[in-house]
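What follows is a single structure, written as C-alpha cells, with notes after it.
The values are calculated or read from the model by the stated rules, or taken from the named source; none is laboratory data. The structure presented is a predicted model; accordingly, all values stated were derived computationally and were not measured. Note: ideal-geometry Cβ built from the backbone for every residue, glycine included; neighbour counts use all protein chains shown. All accessible areas refer to the heavy atoms of the entire protein, side chains included, with ligands and DNA or RNA removed. Shrake-Rupley method; radii C 1.70, N 1.55, O 1.52, S 1.80 Å.
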Amino acid sequence: MLARVSSPTFKRLPRAVREQQMLDAAVKVFSRRGFHAASMDEIAEDAGISKPMVYAYLGTKEELFVACLHREGTRLMEAIAGAAAPDLPADERLWRGLRAFFGFVGAHRDGWAVLYRQARGERPFAAEVATMRGRLVEVVASMLDHALRAKGREVRGTDLEVVAYALVGASESLADWLADHPEADPEKTATRMMNVAWLGADRLLRGVTWHPPAD
C-alpha cells in the first residue's frame with residue numbers, strides 16, 4: 001500500500017495577523033533581494049504559508065511591495081508624530097522627532113532599506129516614496145512654524161518648506177548610513193543630526209541669516 005502524502009497545513013489565524021506575517025516576510029525578502037529579484041515563492045516560504053494565499057490576501061508582487069511601503073511609512077510617521085508633542089519647546093520637539101526617526105531606522109533596518117533604497121529607484125514606486133516624503137516635510141515644516149509663532153515671528157511658507165526639505169534630506173542620508181552600521185547607536189546618531197540641524201535652525205528662528213557677498 002502506498003503511503004499517503006499529506007499536503008501542508010497552515011494554522012488558522014485572524015486575517016490581520018496573517019497579513020502582518022506576510023508583510024514581515026516580504027519586507028525582509030525585498031530588502032535582501034530588491035524588487036525584481038525577490039520571488040513570491042521565497043516570501044511565502046519565509047511567512048510559512050502557501051504562495052496562493054499571498055496572492056489571495058495581498059495581490060501581485062507589485063501590490064505587495066506597495067503594501068510594504070505603506071506599512072513601513074505609516075509606522076515611521078506614527079513614531080515621529082507620537083514623540084514630538086506640540087507643547088514642547090522647539091528644540092526638544094525637534095530632538096524627540098529625530099530620536100524617534102533614527103530609533104525607527106535602527107529597529108527596522110529592513111523596512112528602511114525597502115523605503116529608501118529599493119523603492120526610490122523603481123519607477124512604479126517613486127511616486128509613493130515622494131508622497132510619503134512630502135508628508136514628512138509637512139510635519140517638519142509645521143513643527144518649525146509652531147516654534148516661530150511661539151516666538152512671535154512668521155516666516156514665508158516657501159522658506160519653511162525649503163528648510164524642512166533640507167532637514168528631511170539630511171536625516172534620510174544619515175539614516176541610510178545608520179542602516180549600514182548596526183553597531184551605531186540610533187540615539188547618538190540623532191544627537192549628531194540635532195547638532196547639525198539645530199545650531200543652524202536656532203539662528204534662523206532668531207532671525208539671523210547669511211547673505212552672499214556683493215560681486
Give me the net charge of Glu78's neighbourhood, meaning all other residues with Cβ under 13 Å from the Cβ of Glu78; Lys, Arg count +1, Asp, Glu -1. +2
With a ≥ b ≥ c from the Cα gyration tensor eigenvalues, square-rooted, and the rule rounded for a/c under 1.5, otherwise prolate when a/b > b/c and oblate otherwise, the range 86-180 is oblate
If I stretch the segment between Tyr165 and Lys51 completely, what's the gain in nm (0.36 nm per residue apart, minus their alpha carbon distance), one decimal? 37.0 nm
Residue-level accessible surface for Val140, protein heavy atoms, 1.4 Å, Å²: 20 Å²
Using a 1.4 Å probe on the protein heavy atoms only, what accessible surface does Leu23 show? Give it in Å² to the nearest 10. 10 Å²
Exposed trypsin sites (Lys or Arg not before Pro) absent: longest stretch of the chain, with sites in DSSP loops and at most 13 other Cβ within 10 Å deemed exposed: 13-150
Could you give the longest part of the chain that holds none of the GluC sites (Glu not before Pro) found in DSSP loops with at most 16 neighbouring Cβ atoms within 10 Å? 1-121
To the nearest 10 degrees, how steeply does helix 90-107 sit against the main Cα axis of the chain, on a 0 to 90 scale? 20 degrees
So, R0 is 35 Å and r is the distance between the beta-carbons of Val155 and Ser39; what FRET efficiency does that work out to, to 0.05? 0.10
On the formula 1/(1 + (r/R0)^6), with r taken between the Cβ atoms of Arg206 and Ser173 and R0 of 25 Å, the FRET efficiency rounded to 0.05 is 0.40
Could you please put Ser171, Ser50 in sequence from largest to smallest accessible area, using a 1.4 Å probe? Ser50, Ser171
Can you tell me, using C-alpha contacts under 8 Å and at least 6 residues apart, the relative contact order of the range 6-153 as a whole percent? 24 percent
Once the in-chain neighbours fewer than 8 apart are removed, the aspartates and glutamates whose Cα is under 13 Å from Lys61 read Asp41, Glu42
What number comes out for the charge environment of Asp46, summing +1 per Lys or Arg and -1 per Asp or Glu over other residues with Cβ under 12 Å away? -1
Apply the a/c threshold of 1.5 to the C-alpha gyration tensor of the range 1-144 and tell me whether it is rounded, prolate or oblate. prolate
Compute the distance in nm between two label points, each set 7 Å from the Cα along the Cα-to-Cβ direction, one at Gln21 and one at Ser142. 3.6 nm
What spacing in nm lies between the two simple spin-label points modelled at Ala127 and Glu92, each 7 Å away from Cα in the Cβ direction? 4.3 nm
For Leu167, solvent-accessible area (1.4 Å; no DNA, RNA or ligand), Å²: 30 Å²
